[in-house]
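Comments concern the structure below.
The values are calculated or read from the model by the stated rules, or taken from the named source; none is laboratory data. Not measured: the values here are computed from a predicted model. Note that we place each Cβ from the backbone using ideal geometry, even for glycine, and neighbour counts take in every protein chain shown. Each accessible area value is taken on the protein alone, full model and side chains, heavy atoms only, with ligands, DNA and RNA left out. Shrake-Rupley method; radii C 1.70, N 1.55, O 1.52, S 1.80 Å.
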Amino acid sequence: NICNQVNVSGEPSKSGCTPADLPALAEAISALPRLKLRGLMAIPEPTDDRAEQDAAFAAVQKLQASLELPLDTLSMGMSHDLESAIAQGATWVRIGTALFGARDYSQS
């Protein structure tokens, strides 16, 4: 069971395929007998602007719908934008910061 990561915001610091490459990649993954493509995952560029969040998450949802495959997972959204992600169809959100607090990236 896998989700294909899509770099929906085009950020060079993020992994994932481009939206343009997604259809061919999804088709190739779906043809592999030992893998089951369950859906897509994305981590859009962080923003506090709800309209920008909605647009990024809606783009991922539209990409998934355009594949016309039996996908049931849309993994997107984290603690700071989960409401927008859920409103745009997320079935899986990552809420580590909300549960455990912000990470400390300082050097020890």
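With viscosity set to 1.002 mPa s and temperature to 20 °C, compute the Stokes-Einstein D of the chain, Rh being the Kirkwood radius across alpha carbon pairs; µm²/s, no decimals. Before the final figure, lay out the partial values.
Numbers: Rh = 14.6 Å.
The estimated diffusion coefficient comes to 147 µm²/s.
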Worksheet entry | Among ALA51, GLN61, GLY77 - extreme Cα towards positive end, dipole of segment 43-87, charges at beta-carbon | GLN61
Discussion item. Charges at C-beta only: +1 for Lys and Arg, -1 for Asp and Glu. How large is the resulting dipole of segment 23-108 about its Cα centre, in Debye rounded to 20?
Written reply: 460
Practice prompt. For every helix of n ≥ 4 consecutive DSSP H residues, a contribution of -39,500 (n - 2.57) applies; sum these over the chain, divide by its total residues, and give [θ] at 222 nm rounded to the nearest 500 deg cm²/dmol.
Written response: -10000 deg cm²/dmol
Worksheet entry | segment 1-98, accessible surface, carbon-and-sulfur percent (1.4 angstrom probe) | 55
Worksheet item: Between ALA55 and LEU99, what FRET efficiency follows from the Cβ-Cβ distance if R0 is 25 Å, with the result rounded to 0.05?
Response: 0.40
Worksheet item: On a 0 to 90 degree scale, rounded to 10, what angle separates helix 50-66 from the longest Cα axis of the chain?
Response: 20
Practice prompt. Would you mind getting the accessible area per residue of the chain, heavy atoms of the protein chains only, 1.4 Å probe, in Å²?
Written response: 64
Practice prompt. Express the relative contact order of segment 30-93 as a whole percentage, based on alpha carbon pairs under 8 Å and six or more residues apart in sequence.
Written response: 35
